[in-house]
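Participant: Could you have a look at this structure, given as structure tokens, before my questions?
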Amino acid sequence: MKKNYLKVIGVAALTAMLCITGCGGKGTDASGADTEAGQEAAATPLKASEIYEKIKGAYTLPDMYEADDDWLMNYYGIDASMLSDYVFAEADEVHADRVIILNVADEANVSTVEEKLGAVLEQLSSPEMLDYLPDQADIIKAASIKKQGNALYLVISSDADGIEEIIKNGLMGK
């Protein structure tokens, strides 16, 4: 009886020791990448509207109009049904500022949406627009479309670098 009792205590102690040393060490996620115990394997990306709220909290933007589905189609030829989520915010007529985040629902449509977004940038970069907004020309010329997974984004702002960093982090779930 005493031997069985000691065996049970020994097994319990060994199990406890394995839990203590095993829980909190490194493991691997589904892709085989190292992870720390207690850390999520993959963070959930933030919604475009959540990212935009973070941007507005960090930077002072001019008054921005947030486009709806009809506006996207009528003015830019972007079919909102191709998007799972988006923010398309643009400033009034005296500012070139734009914050555009487009999460494309189907990877097969990314190039189509990127082409349409390229037309937006091309329109803003036209000599007529640069002449119309000469004090905004540098931020327009510095802008470029960025891609992360199925997400496309375009930032036209004097604070573009910081805003793009917020977008990148948001798309990574940070």
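Participant: Sort through Ala33, Ala67, Ala42, Ala37 and tell me the only one that's within 20 Å of Asn150 (Cβ to Cβ), at pLDDT below 90 and either open to solvent by 60 Å² or more (accessible area, probe 1.4 Å) or of a type in the set (A, V, I, L, M) (or both).
Facilitator: Only one candidate passes the filter, namely Ala42.
Participant: While we're here: So in region 45-64, with the set limited to residues that are open to solvent by 70 Å² or more (accessible area, probe 1.4 Å) and over 18 Å from the mean Cα position of the chain (by Cα), which one is nearest to Asp97 (Cα to Cα)?
Facilitator: Result: Asp63.
Participant: A further question follows. May I ask you to list pairs of residues, at least six apart or on different chains, whose Cβ atoms are under 7 Å apart, with the first in region 143-154 being closer than 13 Å to Ala48 by Cα and of a type in the set (S, T, N, Q) and the second being open to solvent by 10 Å² or more (accessible area, probe 1.4 Å) and assigned to a strand (DSSP E or B)?
Facilitator: Asn150/Asn103
Participant: Cβ-Cβ distance below 8 Å, separation of 6 or more or different chains: which pairs start in region 49-76 with a residue that is on the phi < 0 side of the Ramachandran plot and among the aromatic types (Phe, Trp, Tyr) and end on one that is in a helix (DSSP H, G or I) and open to solvent by less than 90 Å² (accessible area, probe 1.4 Å)?
Facilitator: Going by the 8 Å Cβ cut-off, the qualifying pairs are Tyr59/Gly162; Tyr59/Ile163; Tyr76/Lys116; Tyr76/Leu117; Tyr76/Ala119; Tyr76/Val120.
Participant: Looking at (1) under 21 Å from Tyr65 (Cβ atoms); (2) among the hydrophobic types (A, V, I, L, M, F, W, C); (3) surrounded by 16 or more Cβ atoms within 10 Å (Cβ to Cβ), can you tell me which one Ala119 breaks?
Facilitator: (3)
The values are calculated or read from the model by the stated rules, or taken from the named source; none is laboratory data. Nothing here was measured: the structure is a model prediction, and the numbers come from that model. Backbone-built Cβ (ideal geometry, glycine too); neighbour counts: all protein chains shown. SASA here: full protein model, heavy atoms, side chains in, ligands and nucleic acids out. Shrake-Rupley method; radii C 1.70, N 1.55, O 1.52, S 1.80 Å.
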